Amino acid sequence: MPKIIDKKEKTQIISQAALTAFRDRGYYRTRMVDIAAAAGIGKGTLYEYFKNKSDILRYAFEEYFTVFSQGLLDVMQTKVDPASKLIALIDFALSHAAEWEDHCTVYVEYFSSARSDDDTPFSLSSIYGYMNNILVTIIREGQQSGDFHDSLDPVAVAELLVSMYDGIILHRLFVNRNIDRETLRETTLHLLKSGLLDHG
């Protein structure tokens, strides 16, 4: 009796093996044969799942974005007031970046070499736009309820928070210095409470 292959599981195994290869060798230096070897399969089998390495990277990014998006919704659904939602979002974003560090490492290397989103199989604009929209909504909600300082531009605050998130990832990758997540969380909350949340 032929062995039943779980195609979804196999696809994820290949994707993870490819990300490891991209991280270790660099995306542009990695060949399909390298990915096949990392996944423990033949090159022909690899092409049954993905047409090229760009296709693999697109799949990995979509998986990352799906988990990230759903995670944000899940953590915020447990909160009622805007301040709690914002804190939950910050907590989740920091933990997600740590858990998916392989993905982040590869995306930083890949996009630093791409000239524009037009040169890529997927766009970072989607994930940034998603994060910005959620943040702007929470901030406006907090300003309307009187929980947040109403003199600040919600769009500018959202951009700043997303940029801080990016900066944490880049600092970890380029400087190779990990700051304890709890320290980052407490520092971020202190800054927020001294500015955005200090509406008195």
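Some points to look at:
- Yes/no for residue 45 being within 21 Å of the chain's Cα centre (by Cα) and at pLDDT 85 or above: no
- Pair list, Cβ < 7 Å and 6+ apart or interchain, from region 40-67 residues that are over 21 Å from residue 98 (Cβ atoms) to residues that are assigned to a helix (DSSP H, G or I) and of a type in the set (D, E, K, R): 49/10
- Meets criteria (surrounded by fewer than 19 Cβ atoms within 10 Å (Cβ to Cβ), among the hydrophobic types (A, V, I, L, M, F, W, C) and at pLDDT below 90) for residue 152: yes
- Residue 102 vs. criteria farther than 25 Å from residue 73 by Cβ and either at pLDDT below 75 or in a loop (DSSP other than H, G, I, E, B) (or both): no
- The residue that is surrounded by the most Cβ atoms within 10 Å (Cβ to Cβ), among those in region 157-200 that are at pLDDT 75 or above and of a type in the set (Val, Ile, Thr), is 157.
- Within region 1-37, if we keep just the residues that are over 23 Å from the mean Cα position of the chain (by Cα), farther than 17 Å from residue 110 by Cβ and outside any loop (DSSP other than H, G, I, E, B), the residue that is modelled with the lowest pLDDT turns out to be 7.
- Scanning region 17-51 for residues that are polar (S, T, N, Q) and crowded, with 17+ Cβ neighbours inside 10 Å yields a single hit, 30.
The values are calculated or read from the model by the stated rules, or taken from the named source; none is laboratory data. Treat the numbers as computed from the prediction; the structure is a model and nothing was measured. Reconstructed Cβ throughout: ideal geometry from the backbone, glycine too, with neighbour counts over all protein chains shown.
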